[in-house]
Amino acid sequence: MYQDVINTAGAKMDKTIDFIQKDLNTLRAGRANPQILDKITVDYYGTPTALNQVGNISSPEPRMLVIAPWEPKMIGPIEKAIQKSDIGINPSNDGKVIRLIVPELNEERRKELCKKVRKEIEEGRVSIRAIRRDAMEQIKKLKKDSAITEDDQKKAEEKLQKVTDEHIKEMDQVGAAKEKEIMSI
């Protein structure tokens, strides 16, 4: 019975890690990565639409992204959306495609990005702890309702703590990998 609570909490913790990982993938690490454009939306006939839904995004060179809109008249709105975003890259177009040259990151910018990574990872840890807290309350409620014994409650709390520790360790590994990627030249 308490195993359901632990399994649900573990699944929520997995989703938290996936969310943080996707969020970190949008950070620019000096290499052209189409995922840095994932958060950008373009006004497509009055509807905010994801950039990858209005054109093809490719990376022909390690430090260049090319956006080929499916409709040539979308070049202007795509350029405006990129300029408004916080990715720090100026688009240039030749009338058919938009090119984004990803500049080298200087040491100061790398350190800023690492701080941002640490902040995201800490938010992820906080979320995982909140999930653990909610699961602990459910376990205590099961004990209060006499659905489980005191021994079962202790076992459940220990298992939940173990699951939490594993997920926090995984979150730290995700952060360390992203920091290493940002700091590598």
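The values are calculated or read from the model by the stated rules, or taken from the named source; none is laboratory data. On a predicted model such as this, the values are computed, not experimentally measured, just so you know. Glycine also receives a Cβ, built like all others from the backbone with ideal geometry; neighbour counts cover every protein chain displayed. Ligands, DNA and RNA are excluded from the accessible area calculation, which covers all protein heavy atoms including side chains. Shrake-Rupley method; radii C 1.70, N 1.55, O 1.52, S 1.80 Å.
Cross-link reach is defined here as a Cα-Cα straight distance under 15 Å, omitting same-chain residues fewer than 8 places apart; for LYS155 the aspartates and glutamates meeting it are ASP4, GLU137. Annotation: amide H-H contacts under 5 Å for ILE40 (H modelled 1.01 Å from N, sequence separation of 5 or more, or interchain): LEU51.
Between the beta carbons of ASP94 and GLU122, assuming R0 = 35 Å, the FRET efficiency works out to 0.25 to the nearest 0.05.
Given a cut-off of 26 Å, name the pairs among LYS22/LYS73; LYS12/LYS84; LYS119/LYS159; LYS22/LYS169; LYS84/LYS119; LYS96/LYS178 whose C-alpha atoms lie farther apart than that in the structure shown. Beyond 26 Å: LYS22/LYS73; LYS12/LYS84; LYS119/LYS159; LYS96/LYS178. The mean sequence distance of close C-alpha pairs (under 8 Å, at least 6 residues apart), as a share of the length of the chain, puts its relative contact order at 27 percent.
Largest mean-square fluctuation among ALA135, ALA32, ALA147, in a Gaussian network model of the chain whose springs join Cα atoms under 10 Å apart, belongs to ALA147.
Could you please state, rounded to a whole Å, how far the C-alpha centre of the range 67-119 is from the C-alpha centre of the range 7-48? Using only Cα atoms, the two centres lie 16 Å from each other. Given +1 at the Cβ of Lys and Arg, -1 at the Cβ of Asp and Glu and no other charges, the dipole of the range 136-185 around its Cα centre is 120 debye to the nearest 20.
Using a Förster radius of 35 Å, what is the FRET efficiency between ASN56 and ASP14 based on their Cβ-Cβ separation? Nearest 0.05, please. Taking R0 as 35 Å, the efficiency between ASN56 and ASP14 is 0.65. Each Lys and Arg Cβ is given +1 and each Asp and Glu Cβ -1; about its Cα centre, the range 6-116 then shows a dipole of about 160 debye. Picking from ILE182, SER146, ALA130, whose Cα lies most toward the positive end of the charge dipole for the range 127-184 (charges on Cβ: Lys, Arg +1; Asp, Glu -1)? So the residue furthest toward the plus end is SER146. The slack between GLU137 and MET183, meaning 0.36 nm per residue of separation minus the straight C-alpha distance, is 12.5 nm. Placing +1 on the Cβ of every Lys and Arg and -1 on the Cβ of every Asp and Glu, with no other charges, gives the chain a dipole of roughly 260 debye about its Cα centre. Surface exposure of the range 68-185, expressed per residue as accessible area with a 1.4 Å probe, stands at 64 Å². Considering only PRO60, SER85, TYR45, and ranking their Cα positions along the charge dipole of the range 1-156 that arises from unit charges at the beta-carbon of Lys, Arg, Asp and Glu, the one farthest toward the positive end is SER85. Computed from backbone phi, the HN-Hα couplings of the range 97-104 come to 10, 10, 10, 10, 8, 7, x, 4 Hz, rounded to whole numbers (Karplus: 6.51 cos²θ - 1.76 cosθ + 1.60, θ = phi - 60°; Gly and Pro given as x).
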